[in-house]
Amino acid sequence: MTAVEVSHTVAGPEDAPVVVLSNSLGATRAMWDPQVPALAERYRVVSYDTRGHGASPAPAGPYTLDDLVDDVLALLDRVGAERAHLVGLSLGGMTALRLAAREPQRVHRLAVLCTSAKTEPQGFLDRAAAVRADGTAPIAEAVVSRWLTPPYAAGHPELVARLQAMVAGCDDEGYAACAEVVAGIDLRDDLSRVAAPTLVVSGAEDQALPPAHQQAIADGIGGAELLTVSPGAHLANLEQPLQVTGALLGHLDAAGSER
């Protein structure tokens with residue numbers, strides 16, 4: 001499939017190293033809003049909506065994970081980045097892992113959050129079927145209930161409403177096709193091919209992709225660093241923004257002035 005021209009936003013100095021932020025299944029680039037200002041002080045931050053999400057096109061499926069990788073490579077070419085730091089959460093983390101294994105020369109440093117190298121497929125296949133039948137709106141509440149811990153969600157009703165609107169706003173076919181990508185991934189053999197220095201972030205209370213998934217990634221990538229945040233569910237970057245943003249800055253800044 002031809003790469004899709006995904007919708008994206010660029011923030012930060014034009015001559016700074018590029019950081020690409022990749023969203024989770026059902027979210028948009030707005031999920032990174034807490035991280036962008038601090039990252040953009042010293043990086044050229046490119047956040048985008050995965051195909052089928054937000055303002056990006058939603059071509060007819062099926063999609064493969066390599067299709068999503070090709071979209072990011074085309075985006076890097078469009079913004080003129082030979083290499084970039086990649087940061088991805090959930091589906092975005094899967095995309096980043098695959099890109100780092102397949103095109104190591106394009107990736108400087110890698111950070112993957114609340115993601116997996118091999119999922120239990122049935123739940124994602126069931127969700128794809130439900131969305132094709134009835135749309136994304138009916139699943140929004142259940143999906144978002146796993147993104148934040150219950151106490152945090154109870155204290156941040158406006159955030160919950162905004163996240164539910166993100167899910168409900170997804171293109172039905174785009175969401176379903178991406179859910180099937182998540183169902184079908186098996187990156188276990190790719191992990192040993194990831195050469196980029198890697199930070200793995202885990203949410204201790206993540207029910208969508210529990211910490212064992214991130215432990216397996218950290219174990220499979222040579223020299224990877226694992227950080228567990230608590231309380232934190234599937235979108236740990238929203239619940240623990242200071243800790244996650246600080247960890248990302250520490251990891252990326254360790255690259256020094258290399259490009």
- Note on the structure: Whole-Hz Karplus couplings 3J(HN,Hα) for the range 53-59, θ = phi - 60° and coefficients 6.51, -1.76, 1.60, Gly and Pro as x, run 10, x, 8, 7, x, 10, x
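Computed over the Cα atoms of the chain, what is the convex hull's projected area averaged over all directions, in nm²?
Average projection, Cα convex hull of the chain: 11.8 nm².
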- Query: Which residue, Arg162, Arg78, Arg132, tops the fluctuation ranking in a GNM of the chain built on C-alpha contacts under 10 Å?
  - Reply: Arg78
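What percent does the relative contact order of the range 61-218 come to when contacts are Cα pairs within less than 8 Å and at least six residues apart?
After rounding, I find 33 percent.
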- Note down the magnitude of the dipole of the range 1-65 about its Cα centre, charges +1 on Lys and Arg C-beta and -1 on Asp and Glu C-beta and zero elsewhere, to the nearest 20 debye. 160
- Item | Whole-Hz ³J(HN,Hα) from phi, Karplus 6.51 cos²θ - 1.76 cosθ + 1.60, for the range 204-219, glycine and proline x | 4, 9, 6, 8, 6, 9, x, x, 4, 5, 6, 4, 5, 5, 4, 5
- Task: Quantify, in whole percent, the carbon and sulfur part of the accessible surface of the chain (1.4 Å probe; protein heavy atoms only).
- Result: 51
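At 0.36 nm per residue, minus the direct Cα-Cα distance, what do Gln215 and Glu103 gain on full extension? Give it in nm, one decimal, please.
Numbers: separation 112, 0.36 × 112 = 40.32 nm, distance 2.33 nm.
That works out to 38.0 nm of additional length.
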- Protection-proxy order for peptides 18-24, 67-73, 217-223, each taking the mean of Cβ atoms within 10 Å per residue, highest first: 18-24, 67-73, 217-223
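Where the only charges are on Cβ atoms (+1 Lys, Arg; -1 Asp, Glu), what is the dipole of the range 42-152 about its Cα centre, to the nearest 20 debye? Intermediate values should be presented prior to the final figure.
On the way: 13 positive and 12 negative charges, 88 e Å.
Magnitude of the dipole: close to 420 debye.
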- Round to the nearest 0.05 the FRET efficiency obtained for Arg146 and Thr9 when R0 = 30 Å and r is the Cβ-Cβ distance. 0.70
- Note on the structure: Once the dipole of the range 107-148 is set up from charges on Cβ (+1 Lys and Arg, -1 Asp and Glu), the residue from the list Val107, Leu125, Ser145 lying farthest towards its positive end is Val107
- Message: Let me spell out the model: positive unit charges on the Cβ of Lys and Arg, negative unit charges on the Cβ of Asp and Glu, origin at the Cα centre of the chain. What dipole size does that give, in debye rounded to 20?
- Response: 320
- Can you tell which of Ala96, Ala247, Ala117 shows the greatest fluctuation in a Gaussian network model of the chain with Cα springs below 10 Å? Ala247
- Query: So for the range 138-252, taking the charge dipole from beta-carbon charges (+1 Lys/Arg, -1 Asp/Glu), which of Ser202, Gly246, Leu226 sits furthest toward the positive end?
  - Reply: Gly246
- At Val79 and Asp186, where each label point lies 7 Å from the Cα along Cα→Cβ, what is the point-to-point distance in nanometres? 3.3
- Query: Could the peptides 140-146, 97-103 be put in order, highest first, of the mean number of other beta-carbon atoms found within 10 Å of their residues?
  - Reply: 97-103, 140-146
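Please give the length that would be gained between Ala16 and Asp134 if that part of the chain were fully extended, namely 0.36 nm times their separation in residues minus their C-alpha to C-alpha distance (nm, one decimal).
Details: separation 118, 0.36 × 118 = 42.48 nm, distance 4.43 nm.
The Ala16-Asp134 span can extend by a further 38.1 nm.
The values are calculated or read from the model by the stated rules, or taken from the named source; none is laboratory data. Keep in mind it's a predicted model, so treat the numbers as computed, not measured. Cβ coordinates were reconstructed from backbone atoms using ideal geometry, including for glycine residues, and neighbour counts include every protein chain displayed. Just so you know, the surface numbers come from the protein's heavy atoms only, side chains and all, with ligands and any DNA or RNA stripped out. Shrake-Rupley method; radii C 1.70, N 1.55, O 1.52, S 1.80 Å.
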